[in-house]
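Comments concern the structure below.
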Amino acid sequence: MLTNHIFDSIKLEYADMLDMSSLCRVIKLFKPDEIYNLAAQSHVKISFDQPIYTSEVVALGTLRLLEAVKLIRPQAKVYQASSSEMFGNSIDEDGFQRETTSMAPVSPYGCAKVYAYNICNNYRNAYGLFISNGILFNHESPRRGINFVTNKVAREAVRIKLGKSKKLTLGNLKATRDWGNAKDYVYAMWLILNQNKPSDYICASGISKSVEQLCEYTFSSLNMDYKKYVTTDARYHRPQELNDLKGDSTKLLNIGWKAKYTFEDTIDEMVEHWLN
Ligand code: GDD
């Protein structure tokens, strides 16, 4: 199992973003100094099918957590997993999104994340709580769910290579994303929370590639031509698409963050995982 190396050093406890009493219970139990809110229904396409559940967890769930912190453990530092999905199709003139770019989300998930981002800023300013937003662009690893595009492509390309599958069916090949490595981005979360003052930071690679380029790289790393295997189907398209993401991490770089892994390293790691 991918998590075996850490299982002996962590303690798991049940709680639910829909149930504030359970959040209060675990905060009382552990008295945490740092809280990382990564809880979500995080799949953008599914958020169109389950918009209310997504909003309950992502938007109101964050509010429940902040209320619990305010009432029980106001000295705790809170990291909020904000998302580049909050920008929607809003892009600065130079083609980048940054902390100052306006937010115009194009999915129920993105709308819920904007609410969570705003309520975090509100609680920070109104109650003096230490709450920071990391606005993370797409970050990947072999642990990524196989219904997200990077791991779907890596897994299926390997299956095709091994003769276990014949084709890969995707949605929009033209969308571009700024893909980084989860290990670099988790370090950024810790760094963001360990500053003297709470603030909001973009975390991105600054390099954008299309889904088609992702396919091209992945299949060619296995000596295959993606054009022979990749097809598209409308069922994987979203009712509204976020077309292009490319983040400017200058503020984060200025507090000492630096990515160790490239896009290619990350895809190679995922392909390697499926080959094994
Ligand atoms: N999932 C998926 N499946 N996406 C596809 C497919 C497919 O078959 N075909 C094309 N795509 C396109 C999507 O339309 C999108 O433009 C892009 O691939 C990336 O999709 P995902 O991997 O599902 O990620 P996402 O960008 O929608 O959202 C992820 O990144 C956000 C940060 O920007 C998620 O991790 C979010 O939770 C996160 O906030």
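Quick notes on this one:
- Filtering 114, 106 for residues that are in a helix (DSSP H, G or I) and either within 13 Å of the ligand (Cβ to nearest atom) or open to solvent by less than 10 Å² (accessible area, probe 1.4 Å) (or both) leaves a single hit, 114.
- Unmet criterion (only one of (1) touching a residue at least 12 places away in the same chain (Cβ under 8 Å); (2) surrounded by fewer than 20 Cβ atoms within 10 Å (Cβ to Cβ); (3) over 20 Å from the mean Cα position of the chain (by Cα)) for residue 225: (1)
- In the range 133-183, residue nearest to the ligand (Cβ to nearest atom) [restricted to those that are over 21 Å from residue 222 (Cα atoms) and hydrophobic (A, V, I, L, M, F, W, C)]: 175
- Residues in the range 178-189 that are open to solvent by less than 20 Å² (accessible area, probe 1.4 Å), out of contact with any Asp or Glu (no Cβ under 7 Å at 6 or more places or on another chain) and in contact (Cβ under 8 Å) with a residue 60 or more places away in the chain: 178, 180, 184, 188, 189.
- The numbered conditions (1) more than 15 Å from the ligand (Cβ to nearest atom); (2) open to solvent by 10 Å² or more (accessible area, probe 1.4 Å) are all true for residue 192 except (2).
- Qualifying residue in the range 28-43 (condition: among the β-branched types (Val, Ile, Thr) and farther than 22 Å from residue 148 by Cβ): yes
- Residues satisfying the stated conditions in the range 1-54, i.e. within 25 Å of residue 240 (Cβ to Cβ), hydroxyl-bearing (Ser, Thr, Tyr) and open to solvent by 40 Å² or more (accessible area, probe 1.4 Å): 42, 53
The values are calculated or read from the model by the stated rules, or taken from the named source; none is laboratory data. Only a predicted model underlies this, so the values are computations on that prediction, with no experimental measurement involved. Reconstructed Cβ throughout: ideal geometry from the backbone, glycine too, with neighbour counts over all protein chains shown. Remember, those area values only see protein heavy atoms, side chains included, never the ligands or the DNA or RNA. Shrake-Rupley method; radii C 1.70, N 1.55, O 1.52, S 1.80 Å.
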